[in-house]
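Throughout, read-outs are computed from the coordinates displayed, never taken from laboratory work. These numbers were taken from a predicted model, which means no experiment stands behind them. Please note: Cβ atoms are built from the backbone with ideal geometry, for glycine as well, and neighbour counts cover all protein chains shown.
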Amino acid sequence: MQHSNSSHRRQRDPSMKPTLSTDFDIAGLERFLVTAFDYGSRHSSVVSAAQREARDLSRRLREYGARHCADELLQLADLLSELVNTRQLSPLVVFQVHYFTGQIYQTHFNYDAAIQSYLRAAWIGAAAQDIIPRVLFALTLHRLSICYGETGSYKKAATLLARVLDLYRNCQVKEKSEVYVQARRLGREYASLCKASDESFSSFGASFKSLLPMIDEGAEDEDAPCKP
């Protein structure tokens, strides 16, 4: 019975429906902060502060754009980092904290910090496949690959994007959709840049080499239905 209630909660959670875009998802971040802490920690001062900041920031972002709200975004990233230390957070909540923190760092052009956040989210997504929606996992890897590309790690980016396209197809993401077209285009660009720079797979970091087998485990049954 407890499992049934948990499943029902996940189905009705608006933050579980990601926007199919690699732009900064401020609306998704706001939904996450408002809905993810309805029980247990909802009276936490850190959560309340993050919720207020997200609402105010959402309005300013729509009015002025992300580049004009860099300081506010970094303050929110600090608040999100504090949330990870809150007791009894579910894997889904911790995943989304890292996912949105990565977006904030990426928007601030701090790609190294964004990569670390996305890698943490990816580890959770690979290990908790029954909890993390596959399309959200795919978007995480997509964003991670963009950060790798921005730092000149073209082989990492191209390899990840090939897996992202597999995940998108398995999740029935349309080939004409923005994210699919972008992933295919960037994958080709990074592959060409990789050949030009003669980057070798042996230069990969240990954490990334360890992550790839876990990512591929989710591809064993490509005909399996994708979680919403």
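Need one word for the stretch 103-196: rounded, prolate or oblate. Basis is the Cα gyration tensor (sqrt eigenvalues a ≥ b ≥ c); a/c below 1.5 gives rounded, then a/b vs b/c decides. It comes out oblate by the Cα gyration axes.
Packing order of peptides 187-196, 132-141, highest average first: 132-141, 187-196 (average count of other Cβ atoms within 10 Å over each peptide's residues).
Neighbours of residue 111 by Cβ distance under 14 Å: Lys/Arg scored +1, Asp/Glu scored -1, total 0.
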